[in-house]
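The values are calculated or read from the model by the stated rules, or taken from the named source; none is laboratory data. Nothing here was measured: the structure is a model prediction, and the numbers come from that model. Here the Cβ positions follow ideal geometry from the backbone for every residue, glycine too, while neighbour counts run over all protein chains shown. We work out accessible area using only protein heavy atoms, side chains counted, and drop any ligands, DNA or RNA first. Shrake-Rupley method; radii C 1.70, N 1.55, O 1.52, S 1.80 Å.
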Amino acid sequence: MTNDKTTATLNDLIEGLNDGIAFYDHAATEATQPVHQQLFRDMSRIKTAIVKDLKAEVAVRGGESDNDGTWLGDVRQGYADLKAKMTKDPDAAYINSLEAQEDRMLHSFRDAVDTDQPSRVRELAIAHLPEVTAMHDRMRALKQAGKA
């Protein structure tokens, strides 16, 4: 495994996390309930800390880290905005979309642990998997509570 694969894989994770950061920051400004606004800001902060750690590893390896998210992340956020405008409970629309974002991130981190990845990628993914899992579980519980 080369340093290039490590950097590329870390940058893929960084992009996904950046999508989440942008989405949570946006949702925090659009949410109507203060408890959701605070939760969304908290989730953004956790993702920002993980990104900082992953970027530090990319820098140590002499690589350049991605600073943006993906175009697909922008599309998903736009779709959530559209759903929020068409429903009586805009917070629920954001929660549903953010929970799907957490599904994707959890899958990405599990892949980084379980697939043929450089050892440093696996180490970092394992280190952050509890946080990623907790964020996923938190959003899933919130989504399920809204359906009750």
Tell me which residues, restricted to segment 93-113, are of a type in the set (Gly, Ala, Ser), surrounded by fewer than 20 Cβ atoms within 10 Å (Cβ to Cβ) and closer than 19 Å to Asp42 by Cα. Ala100
Consider only pairs whose beta carbons are under 6 Å apart and that are at least six residues apart or on different chains; among these, list those whose first residue lies in segment 89-112 and is without any contact (Cβ under 8 Å) to a residue 12 or more places away in the chain and whose second residue is part of a helix (DSSP H, G or I). none
Any idea which of Leu54, Leu10, Leu39 is open to solvent by less than 60 Å² (accessible area, probe 1.4 Å) and under 13 Å from Met105 (Cα atoms)? Leu10
With the structure loaded, tell me whether Asp116 is open to solvent by less than 70 Å² (accessible area, probe 1.4 Å) and acidic (Asp, Glu) or whether it fails that test. no
Subset of segment 1-12, residues among the aliphatic types (A, V, I, L, M), over 18 Å from Glu102 (Cα atoms) and either touching a Phe, Trp or Tyr at 6+ places or on another chain (Cβ under 7 Å) or touching a residue at least 12 places away in the same chain (Cβ under 8 Å) (or both), comes to Met1
Pull out all pairs, ordered by first then second residue, where Cβ-Cβ is under 9 Å, the residues are six or more apart or on different chains, the first lies in segment 13-39 and is small (Gly, Ala, Ser), and the second is open to solvent by 50 Å² or more (accessible area, probe 1.4 Å). Gly16/Arg104; Gly20/Arg104; Ala22/Asp68; Ala22/Asp74; Ala28/Gln38; Ala28/Arg41
Which residues, taken from segment 24-47, are under 15 Å from Val132 (Cβ atoms), in contact with a Leu (Cβ under 8 Å, 6 or more places away or on another chain) and of a type outside the set (A, V, I, L, M)? Tyr24, Lys47
Being part of a helix (DSSP H, G or I), closer than 15 Å to Leu142 by Cβ and polar (S, T, N, Q) is the filter here, so list the residues in segment 1-43 that pass it. Gln37, Gln38
Of the residues in segment 132-148, how many are of a type outside the set (A, V, I, L, M) and in contact with a helix residue (DSSP H, G or I) (Cβ under 6 Å, 6 or more places away or on another chain)? 4
